[in-house]
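The numbers here are math on the coordinates, done by the rules we state, and not lab data. Given the structure is predicted, the values throughout are model-derived calculations rather than measurements. Cβ placement follows ideal geometry from the backbone for every residue including glycine, while neighbour counts extend to all protein chains displayed.
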Ligand code: HEC
Ligand code: HEC
Ligand code: HEC
Ligand code: HEC
């Protein structure tokens with residue numbers, strides 16, 4: 001029984017430290033402002049999203065854990081090679097999920113994200 005308790009303690013510490021590392025690495029609120037030809041920038045609760053979604057790779061689909069880059073490092077103002085534009089990458093990933101949100105709290109209208 002004592003051995004089991006020790007093992008559990010070790011497991012709990014391991015699980016807890018992973019959680020802390022991941023959370024510490026995720027920026028809080030960020031303003032996405034890479035391309036402003038027409039629309040104002042988008043303020044985005046990055047950490048709240050990461051905490052809800054849990055899987056960083058849901059958005060950071062090309063990056064190893066702990067090596068997350070900005071989408072704009074690959075998704076430029078215009079399509080570049082296989083990488084679609086920043087606008088298309090964002091709209092597909094962000095609006096794609098928002099349109100499926102049963103609570104309707106996730107914005108799907110232009111000015112719900114692009115706020116002046
Ligand atoms: C879920 C959030 C979201 C919604 C809803 C949304 N967008 Fe965006 N859009 C973004 C993000 C994020 C970017 C990237 C902005 C950047 O990098 O500066 C973007 C980029 C753009 C761009 C390219 C930047 C520019 O100014 O040329 C255009 C144009 C655009 N959106 C138009 C629209 C229009 C029109 C609608 C409504 C039909 C809309 N968006 C709805 C999140 C959203
Ligand atoms: C809902 C999609 C989404 C999820 C989930 C997400 N991120 Fe992000 N993350 C983004 C976007 C979009 C940016 C770029 C913001 C910008 O353009 O400034 C970003 C930027 C970052 C950056 C800054 C990169 C740089 O070079 O400035 C880091 C680090 C990061 N994310 C880590 C994480 C980690 C760790 C997790 C999981 C705990 C996570 N992200 C989950 C969308 C997401
Ligand atoms: C290291 C480069 C790189 C980074 C960083 C990156 N992407 Fe991508 N992305 C690509 C490439 C290349 C494709 C083309 C299809 C493929 O290879 O998966 C793509 C495809 C996509 C697609 C599918 C588009 C479609 O219409 O099929 C979405 C959505 C997307 N990326 C969103 C994002 C978001 C959101 C981020 C940031 C959180 C991001 N990407 C970061 C390279 C990248
Ligand atoms: C996997 C699902 C999912 C993805 C991907 C996602 N969102 Fe959201 N988003 C949500 C949900 C759910 C809410 C509503 C949260 C609440 O209950 O208030 C939300 C709320 C928001 C809000 C309004 C509240 C706030 O946080 O300010 C903005 C703005 C927003 N998202 C922007 C974005 C942007 C920009 C992206 C892409 C980089 C994105 N979201 C990707 C699920 C998602």
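Numerical summary
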quantity	calculated
Relative packing of 99-110, 80-91, 61-72, which averages over residues the other C-beta atoms within 10 Å, highest first	80-91, 61-72, 99-110
Spin-label model distance (nm) - residue 106 vs residue 29, 7 Å beyond Cα toward Cβ	2.1 nm
Relative contact order of the stretch 27-113, pairs being alpha-carbon contacts under 8 Å that are 6 or more residues apart, as %	17 percent
Extension gain (nm, one decimal) between residue 79 and residue 64, 0.36 nm per residue minus Cα-Cα	3.1 nm
Residue 72 paired with residue 53, simple spin-label distance in nm, labels 7 Å along Cα-to-beta-carbon	1.8 nm
Simple label model, 7 Å out from Cα along Cβ direction - residue 91 to residue 45, nm	2.5 nm
For 53, 32, 38, order by how many other beta-carbon atoms lie within 10 Å, fewest first	38, 53, 32
